[in-house]
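Everything below concerns the one structure shown next.
The values are calculated or read from the model by the stated rules, or taken from the named source; none is laboratory data. What you see is a predicted model; the values in this text were computed from it and never measured. Cβ placement follows ideal geometry from the backbone for every residue including glycine, while neighbour counts extend to all protein chains displayed.
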Amino acid sequence: MAPKKSVIYESYKFYKLNQGTSTIAQYIANLKEQASLCEFEMVNDYLDRALRDKFVCGISEKRIQDRLLSEKDLTFVKACNIALAQEIIYLESKEIQHEPDSVHKVYEKVNPQKLKTNTKSSPSIVSRQSNKNGQSNGSHPNIPSSQSRSRYRNCWRCSRFHNADICPAKEWKCFVCQKQGHTSTVCRYRNVNFTKEEEEENQQENVYEFNSIVQEEGNVESEVGEANQIIEINNIKSIPALINVKVENKEVTMEVDSGATVSLMSFIEFKEKILYLTVNKTSSKLKTVSGSILTVIGKVNVNVKSNNNVYKLSLFIVDTKEKFTPLLGRSWLDVIKPNWREIFKVNNSQGEVNAVKFTELEHFRALFPKVFSQDNSQAIEGCQANLVIKEDAQMIFHKAYDVPYALREQVSKELSQMEKSGILVRTTQAEIASPIVIVKKSNGGIRICGDFKKTLNPILKQDHYPLPNLQDIFHKLVGGKVFTILDLSNAYLQLKVNETSKKLLTIHTHCGLYKFTRLPYGVSSAPAIFQMLMEQVLSGIDMTGVYLDDVIIAGEDLTDCKNNMLKVFERLNKYNIRINQNKSCFFRESVEYLGHVLDKEGVKPMQKKIEAIQKAPAPKNLTELRAYLGLLNYYSKFIPMLSTELYSLYKLLQKNQKCEWGE
């Protein structure tokens, strides 16, 4: 059995590592490989710090090192990105200087034949052959004379001082990209970490086709040759379907392209964001719908984070003249959104505009990532709730309710998560404290609410702001045929409270005392405060209504609905208000809102509510009678002469009336 390698020795090798002549990317890879042998990860947060410190200390280029030392809050990843970017800037500026003379300036025409007759004094032609003594032919061929330096610039093929047209590297093959015409020292791919060509299944050449690579606005003409048909589409201005994903922990906006078999990124953007990754060479070809073949550099395996899930996916890197929005093809869609193909199936019962739902929704997600964020630490900007208590109010410090043992662990985790998000802060002293109640959610989670009925609510000065009448909301939506309903995520808990109010919102739990920093559920004036806020935020937007945490948007058609939605999302984004996408619905021809059905024909009662009224048992006491009358009155406008029909039942609610039920 081989003895285990010494961790101390491996650490010694790690701290001895310097960049030397290797590239930044190679230096990063070497550091990571050696660090994996040192067991740094056994100590909390030490691995990142060790990598960062050694990386900065081992950089060869002083100006890059100075740039890193001047950076505040420097992490290893941040240091790598800065160093890679600085190296690219240096190389690109060098490449610009190496461009052929004819591109930038007209020089005196040089006779190549004349140059060939004077090889000893001219550095223009450099032989790779050596003499028997191991010395190069000619006298110091790499050091040009001052006369030659004034006549020539650095050759863009090999970086030496001569004209690129007569450079012998024209016939040489680059060791990096395997292309002819330049040396590896000036290769634009010299900083890319390549591996050997990966094994292709059955050793067959893969050819992937794309419906589009870069879609441009304007006139588009498509010709179908075999059928001799010419289809003209004029004035196409289609908004691309954009989606934000995290690739290697970097935010990347990609265009969803269901016509693309694979996902790809331009080499330009690859250099900017993830150059340090190893590129696997591949024989696969990428072909556009027009039949042209793209230049494939290779593909990389990247960690992709979407909707809090992380996937390991392949990303093709292509060489193009211009940078384009990375494409998210079917290979990623099938993993990230497995049911994406369902949007093309018509679902008449729901009345969704399925053909555009996915595209338009992802466009809104890309434009307003903050609105769709599920980060509970974010709060509404520019607004605070102020709770005021009555004069001479008596504070009550209520003991904590017992939490069932089956729920204690879940409640403790939820309290910890709320503290981490900044919704709660711990405290040890309080004049007033309220117990908590646990509300079970449909998804299996829990909501923690304060029971303020006996503590805060009796001494609180109420904010009086009327909740909107349903008929007023429906009147705003007249003419609507396409609808969107937005459910605000943890609505009240997005609104901050001032310092005085925090003391009033202390809760007593089995884990101790906490103060709410946001407006919690259960406070009697919370609905009025939040309704007033939302009406101010969304005021002046056509065909839009709000009832507490439910916002409804309508439009005469899809375009009108999108335009109204855009105005709403701009307001939500301005105030940093978040929505819950899973509980919202978008671009539907029929929606259920506040117990009613809305569609192009108007407002209707919900069928299941009608069935509940029809199947309700006969009331046996006054409490049941009041509940039944309330259910009927909810749909009073749909029942003619209802008050006349219910006169005898209302009479029973009067004092000293004897209830005698007949058939």
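Let's see how each residue does on (1) in contact (Cβ under 8 Å) with a residue 12 or more places away in the chain; (2) assigned by TED's automatic domain parsing to the domain that holds His475; (3) part of a helix (DSSP H, G or I); (4) out of contact with any Leu (no Cβ under 8 Å at 6 or more places or on another chain):
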{"position": "Ala554", "(1), (2), (3), (4)": "yes, yes, no, no"}
{"position": "Thr559", "(1), (2), (3), (4)": "no, yes, yes, yes"}
{"position": "Asn563", "(1), (2), (3), (4)": "no, yes, yes, yes"}
{"position": "Lys567", "(1), (2), (3), (4)": "yes, yes, yes, yes"}
{"position": "Leu598", "(1), (2), (3), (4)": "yes, yes, no, no"}
{"position": "Gln614", "(1), (2), (3), (4)": "no, no, yes, yes"}
{"position": "Ala618", "(1), (2), (3), (4)": "yes, no, no, yes"}
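Does any residue in the range 14-25 that is in contact (Cβ under 8 Å) with a residue 60 or more places away in the chain come within less than 9 Å, Cβ to Cβ, of a residue that is surrounded by fewer than 18 Cβ atoms within 10 Å (Cβ to Cβ) and among the basic types (Lys, Arg) six or more places away or on a different chain, and which pairs are these?
These pairs meet every condition: Thr23/Arg190.
From (1) under 15 Å from Met534 (Cα atoms); (2) free of Cβ contacts under 8 Å to residues at least 40 places away in the same chain, pick out the condition that doesn't hold for Asn582.
The number of the failed condition is (1).
Given the criteria at pLDDT 70 or above and surrounded by fewer than 16 Cβ atoms within 10 Å (Cβ to Cβ), does Glu108 qualify?
Spelling it out, it is not the case that Glu108 is at pLDDT 70 or above and surrounded by fewer than 16 Cβ atoms within 10 Å (Cβ to Cβ).
When the residues of the range 273-302 are narrowed to those that are in contact with an Asp or Glu (Cβ under 7 Å, 6 or more places away or on another chain) and assigned to a strand (DSSP E or B), which ends up modelled with the highest pLDDT?
It comes out as Val302.
Among (1) of a type outside the set (A, V, I, L, M, F, W, C); (2) over 18 Å from Glu248 (Cα atoms); (3) modelled with pLDDT of 80 or more; (4) assigned to a helix (DSSP H, G or I), there is one condition Glu71 misses while meeting the rest; what is its number?
Among (1) of a type outside the set (A, V, I, L, M, F, W, C); (2) over 18 Å from Glu248 (Cα atoms); (3) modelled with pLDDT of 80 or more; (4) assigned to a helix (DSSP H, G or I), the lone unmet condition for Glu71 is (4).
For the range 306-319, how many residues are outside any strand (DSSP E or B) and surrounded by 15 or more Cβ atoms within 10 Å (Cβ to Cβ)?
Looking only at that region, the number is 0.
When the residues of the range 337-385 are filtered to those that are of a type in the set (Asp, Glu) and loosely packed, with under 12 Cβ neighbours inside 10 Å, which remaining residue is modelled with the highest pLDDT?
Glu381
Only one of these conditions is not met by Arg447: (1) at pLDDT below 90; (2) of a type outside the set (S, T, N, Q); (3) exposed (fewer than 15 other Cβ atoms within 10 Å of the Cβ); (4) not in a strand (DSSP E or B). Which number is it?
Exception for Arg447: condition (4).
One line per residue, one yes/no per condition, for (1) within 30 Å of Tyr650 (Cα to Cα); (2) modelled with pLDDT of 90 or more; (3) crowded, with 16+ Cβ neighbours inside 10 Å:
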{"residue": "Met534", "(1), (2), (3)": "no, yes, yes"}
{"residue": "Gly540", "(1), (2), (3)": "no, yes, no"}
{"residue": "Leu558", "(1), (2), (3)": "no, no, yes"}
{"residue": "Leu572", "(1), (2), (3)": "no, yes, yes"}
{"residue": "Phe586", "(1), (2), (3)": "no, yes, yes"}
{"residue": "Gln614", "(1), (2), (3)": "yes, no, no"}
{"residue": "Leu631", "(1), (2), (3)": "yes, no, no"}
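List the strands (runs of 3 or more DSSP E) that sit entirely inside the range 223-272 and contain at least 1 residues that are surrounded by fewer than 21 Cβ atoms within 10 Å (Cβ to Cβ), modelled with pLDDT under 80 and at negative phi.
229-236, 242-247
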